[in-house]
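The values are calculated or read from the model by the stated rules, or taken from the named source; none is laboratory data. Source: prediction; values computed, not measured. Positions of Cβ are backbone-derived with ideal geometry, glycine not excepted, and every protein chain shown enters the neighbour counts.
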Amino acid sequence: MPHIPPSDKALVPFVSVENMMKLVHHIGIEPMLRGLAEYIEQDFRRWDLFDKTPRIASHSAEGVIELMPTSDGEVYGFKYVNGHPKNTSAGLQTVTAFGLLANVGNGYPVLLSEMTVLTALRTAATSAMVAKYLAPKGADTMAMIGNGAQSEFQSLAMKAICGVKSVRLWDIDPAATRKAAHNLKGLGLDVHLCSSAEDAMEGAQIITTCTADKQYATILTDNMVGAGVHINAIGGDCPGKTELAPGVLHRAEIFVEYPEQTRIEGEIQQLAPDHPVTQIWEVINGSKPGRSSAGQITLFDSVGFAIEDFSALRYIRDHIGSTDLYLELDLLADPDDPRDLFGMLNRAAP
């Protein structure tokens, strides 16, 4: 077969897992978390420009596979992501993902990227960006209930963006707690290993729940939650999967990304379809209040939304140009004559 090198139009930048990890270390994980939060906040401020739809999900007994698309009218983006809680028992990740940005004007992709690592970063950045608006003033202690793959990212994001100094770890599996504590050692947080969820919540002003089982669970009962805390609920993210007792929801002021998706997938799937919630973009824009009193319980019922992934991919696109931390994939056919795709194929014959 004759060697026909690809043209520039055929090449699409691709960020592999290896290069994503190198980029995180090149930028620094805390500066990158702050940068991602800034990009997400910027896009939430222009919320009205985006196409918005609940993610397209294919559910099975084992888990879920989802597509998350959006566009701001100039750039289109989507993420492919799965959630399979039993994967860890087989040595596999619970969540894997990749994503793409494309030029709306001509439909050509401009970036393809791994998003397993990037999703962990953007989820944590979103949590901390929201906590900046909703957490009690001066909050410096966080309970991290569920110490799986997301826990270290959440802890560092709350430190980098909200000034959290101490994290209290608990998981039903003590090995997961030991793992998280080991990974966070020397990163500037005061880390406590706790014996129960109640123990973890002692003195915490921010409570993050992030468990994996696909079931209606009660990680926080009503009597566990006192006044004046902010709950960052990120584990309940599909139909039939929750973490909070209904009583907690009825006592809290609830903030969400996109109600049409959260009512299907979030903690509020347990409530009436018309239960009042506030969209977090309205708080960021100043059109709705966030925390209104010291004793209020605020709840961010976070399920993840496509605009956050769009923001994260936009951040990567803007930060790889001055590095060599990407590959150029020969992804697009580019015949000399756009109408002669078959001729291009013929010329490549051996």
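Before moving on, here are some points about what is shown:
- Unique match (being crowded, with 17+ Cβ neighbours inside 10 Å, at pLDDT below 95 and touching an Asp or Glu at 6+ places or on another chain (Cβ under 7 Å)) among Pro13, Pro85: Pro85
- Residues that are modelled with pLDDT of 95 or more, out of contact with any Phe, Trp or Tyr (no Cβ under 8 Å at 6 or more places or on another chain) and not β-branched (Val, Ile, Thr) within region 319-329 comprise His319, Asp324, Leu325, listed in sequence order.
- Test result for Val303, in contact (Cβ under 8 Å) with a residue 12 or more places away in the chain, part of a loop (DSSP other than H, G, I, E, B) and either touching a Phe, Trp or Tyr at 6+ places or on another chain (Cβ under 6 Å) or within 22 Å of Ser155 (Cα to Cα) (or both): yes
- Matching residues in region 151-189 - criterion: being in a loop (DSSP other than H, G, I, E, B), closer than 28 Å to Val283 by Cβ and touching a strand residue (DSSP E or B) at 6+ places or on another chain (Cβ under 9 Å): Val164, Lys165, Leu189
- Test: residue in region 278-286 that is of a type in the set (Asp, Glu) and outside the structural domain of Arg55 (by TED's automatic domain parsing): yes
- Considering Leu36, Leu67, the condition of being in the same structural domain as Leu327 (by TED's automatic domain parsing), under 29 Å from Asp173 (Cβ atoms) and not small (Gly, Ala, Ser) is satisfied by Leu36 alone.
- Selected residue (only one of Gly77, Gly107, Gly99 is over 25 Å from Ala294 (Cα atoms), in contact with a strand residue (DSSP E or B) (Cβ under 9 Å, 6 or more places away or on another chain) and not in a strand (DSSP E or B)): Gly107
- Qualifying positions in region 243-283 - assigned to a helix (DSSP H, G or I) and over 27 Å from Asp48 (Cβ atoms): Pro246, Gly247, Val248, Leu249, His250, Arg251, Gln270
- For Pro289: the one exception among (1) outside any loop (DSSP other than H, G, I, E, B); (2) over 27 Å from Asp51 (Cβ atoms); (3) free of Cβ contacts under 8 Å to residues at least 12 places away in the same chain; (4) not aliphatic (A, V, I, L, M): (1)
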